[in-house]
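The values are calculated or read from the model by the stated rules, or taken from the named source; none is laboratory data. Everything numeric in this text was worked out from a predicted model, so none of it was measured. Here the Cβ positions follow ideal geometry from the backbone for every residue, glycine too, while neighbour counts run over all protein chains shown.
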Amino acid sequence: MEKNSEKKVVVDGLTLKLLRKDEKWVFPFVTYYQHGLGSPICLELLEYKEDSNGFEPEAVITVNLPGVERNAGCQFIDTNNNGEAVLDWLVLYELGVPTGRYAASGHCMYPEVDFYRSERFMRQKEFCDRHFNFVG
């Protein structure tokens, strides 16, 4: 497991805090899925490209399972496409707290994370809502 590492960059006049993941700098972009009760959380990692001072999609960390019950602020983690280590990465950076619950879909079991129990996630959500998401 890599150590917790961060840096700040200014992109389009906004100061963004980047996190280290798999030898890359990523911005945790908090948005929402269109389907499911309570505006389900979508967490996407955007890779910072220093040469262009911009971003490219890296990975969607969450998986939306609209038919599966979950508490407010909770979402399932896509370990199928991101590996089991992504759960450790979320904990390392204090972005969420595993609930111990899992949801099955197809042949996969997806762990649930409570994002609302993380102060850091809530700050990131507030930042993304203010600057990028159109929430009413």
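Considering only residues that are in contact with a Ser or Thr (Cβ under 9 Å, 6 or more places away or on another chain) and of a type in the set (D, E), which ones fall in region 55-92?
D78
Right, R20: among the charged types (D, E, K, R), buried (at least 16 other Cβ atoms within 10 Å of the Cβ), outside any strand (DSSP E or B) and more than 12 Å from the chain's Cα centre (by Cα) or not? Talk me through it step by step, then tell me what you get.
Details: among the charged types (D, E, K, R): yes; buried (at least 16 other Cβ atoms within 10 Å of the Cβ): yes; outside any strand (DSSP E or B): no; more than 12 Å from the chain's Cα centre (by Cα): yes.
Judged against the criteria, R20 is not a match.
Being at pLDDT 95 or above, part of a strand (DSSP E or B), within 21 Å of K125 (Cα to Cα) and within 15 Å of the chain's Cα centre (by Cα): is that true of V26 here?
Criteria met by V26.
Considering every residue within region 80-95, establish whether at least one is surrounded by 14 or more Cβ atoms within 10 Å (Cβ to Cβ), part of a strand (DSSP E or B) and of a type in the set (A, V, I, L, M).
Taking every residue of region 80-95 in turn, none turns out to be surrounded by 14 or more Cβ atoms within 10 Å (Cβ to Cβ), part of a strand (DSSP E or B) and of a type in the set (A, V, I, L, M).
Suppose we keep only residues that are closer than 23 Å to E6 by Cα and hydrophobic (A, V, I, L, M, F, W, C) within region 96-120. Which one would you say is surrounded by the fewest Cβ atoms within 10 Å (Cβ to Cβ)? Steps first, answer last, please.
Here is the first cut: in region 96-120, the ones closer than 23 Å to E6 by Cα are 96-98, 113-120.
With hydrophobic (A, V, I, L, M, F, W, C) added as a condition, the list becomes 97, 113, 115.
Working: V97: 18, V113: 29, F115: 22.
The extreme case among them is V97.
Just checking, which of V26, V91 is touching a strand residue (DSSP E or B) at 6+ places or on another chain (Cβ under 6 Å), on the phi < 0 side of the Ramachandran plot and of a type in the set (A, V, I, L, M)? Spell out the reasoning first.
Numbers: V91 fails: touching a strand residue (DSSP E or B) at 6+ places or on another chain (Cβ under 6 Å).
From the options V26, V91, the qualifying one is V26.
Filter region 96-136 for residues that are in contact with a Leu (Cβ under 7 Å, 6 or more places away or on another chain), in a helix (DSSP H, G or I) and modelled with pLDDT under 95 and give the result.
H131
Could you grab me the full set of residues in region 69-79 that are of a type in the set (A, V, I, L, M) and surrounded by fewer than 17 Cβ atoms within 10 Å (Cβ to Cβ)? Quick ask: steps written out before the conclusion?
Filtering region 69-79 for residues of a type in the set (A, V, I, L, M) gives 72, 77.
Across region 69-79, the qualifying residue is only A72.
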